[in-house]
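Have a look at the structure below, then the notes.
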Amino acid sequence: MEYRLHKELTIDASIDEVWKFFSSPYNLQKITPAYMNFQITDCPDKNRIFEGMQIAYKVSPVLNVPMKWVTLIQAVHEGVSFTDTQLKGPYKLWKHVHTFEVKPNGVHMSDDVTYELPMGPLGELAHSLFVKKQLEEIFDYRETAVRKIFKTNGNDSN
């Protein structure tokens with residue numbers, strides 16, 4: 001079964017500042033909860049993403065057990081959007097579209113994630129027991145971290 005997660009946030013900064021931050025793979029660690037033990041293990045460019053780029057991570061999402069996660073930057077539209085998909089990791093499907101839109105009060109950012117868990121009914125049970133809640137918490141943490149980094153106020157997330 002496919003699931004979707006959607007989050008929105010307006011950041012009081014220029015598109016250049018926001019794009020530079022989010023298109024640098026190493027900034028992902030700054031907006032990921034510490035308990036995830038997130039660590040990039042292989043990345044061809046520290047400063048920018050590009051189409052076809054593969055990034056390997058170690059992450060411990062459950063019971064502090066480390067697992068390898070490899071993502072592919074599938075599409076990049078400079079200053080507008082980028083899409084990453086999982087090549088290897090805990091999900092059967094993971095597609096994350098990051099969209100940025102310039103507004104009068106800053107940059108409106110949207111995260112749209114489509115994901116599916118492996119193992120059929122067991123995956124669905126895991127989703128209802130903890131995966132959905134954990135993903136919500138991770139993205140809520142990201143929002144708080146981004147607000148601190150950019151000193152953004154307000155409450156416009158979904």
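From (1) over 19 Å from VAL59 (Cα atoms); (2) touching a Gly at 6+ places or on another chain (Cβ under 8 Å), pick out the condition that doesn't hold for LEU117.
The one condition LEU117 does not meet is (1).
Pairs please, first residue from the stretch 34-58 and of a type in the set (Asp, Glu), second anywhere and surrounded by 14 or more Cβ atoms within 10 Å (Cβ to Cβ) and outside any strand (DSSP E or B), Cβ atoms under 8 Å, 6+ apart in sequence or on different chains.
Partner pairs satisfying both residue conditions: ASP45/PRO25; ASP45/MET53.
Please enumerate the residues belonging to the stretch 86-96 that are in a strand (DSSP E or B) and either surrounded by fewer than 17 Cβ atoms within 10 Å (Cβ to Cβ) or of a type in the set (D, E, K, R) (or both).
The answer is LEU87, LYS88, LEU93, LYS95.
What are the pairs with Cβ atoms under 7 angstrom where one residue, in the stretch 1-26, is within 22 Å of ASP140 (Cβ to Cβ) and touching a residue at least 60 places away in the same chain (Cβ under 8 Å) and the other, located anywhere, is surrounded by 15 or more Cβ atoms within 10 Å (Cβ to Cβ) and among the aromatic types (Phe, Trp, Tyr)? Sequence gap at least six, or different chains.
Once the first residue is within 22 Å of ASP140 (Cβ to Cβ) and touching a residue at least 60 places away in the same chain (Cβ under 8 Å) and sits in the stretch 1-26, its partners that are surrounded by 15 or more Cβ atoms within 10 Å (Cβ to Cβ) and among the aromatic types (Phe, Trp, Tyr) give TYR3/TYR115; LEU5/PHE139; LYS7/PHE139; ILE11/PHE150; ASP12/PHE150; ALA13/PHE150; VAL18/PHE100.
Checking VAL59 against (1) modelled with pLDDT under 95; (2) more than 24 Å from LEU9 (Cβ to Cβ): exactly one of these is not met. Which one?
So VAL59 meets the others, but not (2).
Answer yes if at least one residue in the stretch 116-123 is without any contact (Cβ under 8 Å) to a residue 60 or more places away in the chain and under 11 Å from GLU8 (Cα atoms), and no otherwise.
No, the stretch 116-123 contains no residue that is without any contact (Cβ under 8 Å) to a residue 60 or more places away in the chain and under 11 Å from GLU8 (Cα atoms).
Cβ-Cβ below 6 Å, separation at least six or inter-chain, first residue in the stretch 81-103 and within 15 Å of MET53 (Cα to Cα), second among the basic types (Lys, Arg): which pairs?
THR85/LYS95
In this structure, does GLY79 turn out to be part of a loop (DSSP other than H, G, I, E, B) and touching an Asp or Glu at 6+ places or on another chain (Cβ under 8 Å)?
yes
Take HIS77 and tell me if it is more than 17 Å from VAL146 (Cα to Cα) and not hydrophobic (A, V, I, L, M, F, W, C).
Yes, satisfied.
In the stretch 1-16, which residue that is among the charged types (D, E, K, R) and surrounded by 14 or more Cβ atoms within 10 Å (Cβ to Cβ) is nearest to TRP94 (Cα to Cα)?
First pass over the stretch 1-16, keeping only residues among the charged types (D, E, K, R): 2, 4, 7-8, 12, 16.
From what's left, surrounded by 14 or more Cβ atoms within 10 Å (Cβ to Cβ): 7-8, 12.
On the way: LYS7: 16, GLU8: 19, ASP12: 29 Å.
So the residue we want is LYS7.
Restricting attention to the stretch 103-151, which residues are out of contact with any Asp or Glu (no Cβ under 9 Å at 6 or more places or on another chain), in a strand (DSSP E or B) and surrounded by 13 or more Cβ atoms within 10 Å (Cβ to Cβ)?
Residues satisfying the conditions are ASP112, VAL113.
Could you list, in sequence order, the residues of the stretch 41-59 that are over 16 Å from THR83 (Cα atoms) and more than 14 Å from the chain's Cα centre (by Cα)?
Within the stretch 41-59, the first condition is being over 16 Å from THR83 (Cα atoms), and the residues that meet it are 41-47, 57-59.
Scanning the stretch 41-59 gives THR41, ASP42, CYS43, PRO44, ASP45, LYS46, ASN47, LYS58.
What number of residues within the stretch 60-82 are surrounded by fewer than 18 Cβ atoms within 10 Å (Cβ to Cβ) and closer than 25 Å to VAL18 by Cα?
Of the residues in the stretch 60-82, 9 are surrounded by fewer than 18 Cβ atoms within 10 Å (Cβ to Cβ) and closer than 25 Å to VAL18 by Cα.
The values are calculated or read from the model by the stated rules, or taken from the named source; none is laboratory data. Quantities reported herein were computed from a predicted structural model and do not represent experimental measurements. Note: ideal-geometry Cβ built from the backbone for every residue, glycine included; neighbour counts use all protein chains shown.
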